[in-house]
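Have a look at the structure below, then the notes.
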């Protein structure tokens with residue numbers, strides 16, 4: 001038998017959630033796991049779900065969750081199947097939607113670039129991200145089979161898309177070419 005593998009995720013919390021502690025749900029392989037974030041958790045703390053892969057994947061291994069604490073002013077808005085229409089399709093601004101998952105390495109690479117560009121284009125372009133594991137309806141509707149998938153929306157309709165992690169200059173160029 002091989003050695004157990006660990007899987008890493010990131011979970012973003014508001015400062016209030018980190019201070020008081022919170023229960024969150026993590027979805028993996030269609031199975032839901034309850035994650036208890038203890039009070040007083042700080043940015044970068046790791047919450048370990050011991051042998052959780054036995055439940056989700058059927059083999060030995062832990063899930064390690066790095067806690068990230070962001071203010072309510074974060075530039076990239078986390079959206080869901082329930083909020084997609086309101087935040088993206090009905091938006092008066094053009095929108096870049098990042099279809100991602102916490103276990104996806106290239107997705108984690110593009111996250112900081114999205115944050116940086118959300119500041120650069122603040123007030124002109126809206127930046128959102130949607131977890132494909134937790135939001136299967138939107139993932140299916142926009143055929144997010146390879147991630148990261150960036151879908152660009154203008155006036156409620158799709159104006160372009162890009163698959164894979166792009167370096168910042170390439171993503172900036174793509175945004176400029178689509179949104180002008």
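The values are calculated or read from the model by the stated rules, or taken from the named source; none is laboratory data. Worth saying up front: this structure is predicted, and the values here are computed from it rather than measured. Note: ideal-geometry Cβ built from the backbone for every residue, glycine included; neighbour counts use all protein chains shown.
Before moving on, here are some points about what is shown:
- Summed over the range 53-76, residues that are at pLDDT 90 or above, in a loop (DSSP other than H, G, I, E, B) and under 21 Å from the mean Cα position of the chain (by Cα) total 1.
- Residues of the range 16-60 classified as surrounded by 14 or more Cβ atoms within 10 Å (Cβ to Cβ), touching a helix residue (DSSP H, G or I) at 6+ places or on another chain (Cβ under 8 Å) and farther than 21 Å from residue 101 by Cβ, total: 2
- Single condition residue 13 does not satisfy, out of (1) surrounded by fewer than 15 Cβ atoms within 10 Å (Cβ to Cβ); (2) closer than 30 Å to residue 151 by Cα: (1)
- Within the range 90-107, considering residues that are in contact (Cβ under 8 Å) with a residue 60 or more places away in the chain and either touching a strand residue (DSSP E or B) at 6+ places or on another chain (Cβ under 7 Å) or outside the structural domain of residue 154 (by TED's automatic domain parsing) (or both), the one surrounded by the fewest Cβ atoms within 10 Å (Cβ to Cβ): 103
- Within the span defined as the range 152-161, every residue fails to be in contact (Cβ under 8 Å) with a residue 12 or more places away in the chain and in a helix (DSSP H, G or I).
- Residue check, residue 132 touching a helix residue (DSSP H, G or I) at 6+ places or on another chain (Cβ under 6 Å), free of Cβ contacts under 8 Å to residues at least 40 places away in the same chain and surrounded by 20 or more Cβ atoms within 10 Å (Cβ to Cβ): yes
- Apart from one condition, residue 138 fits all of (1) touching a residue at least 40 places away in the same chain (Cβ under 8 Å); (2) over 27 Å from residue 7 (Cα atoms); the exception is (2).
- Residue that is nearest to the chain's Cα centre (by Cα) [pool: residues in the range 77-131 that are part of a loop (DSSP other than H, G, I, E, B) and closer than 14 Å to residue 163 by Cα]: 101
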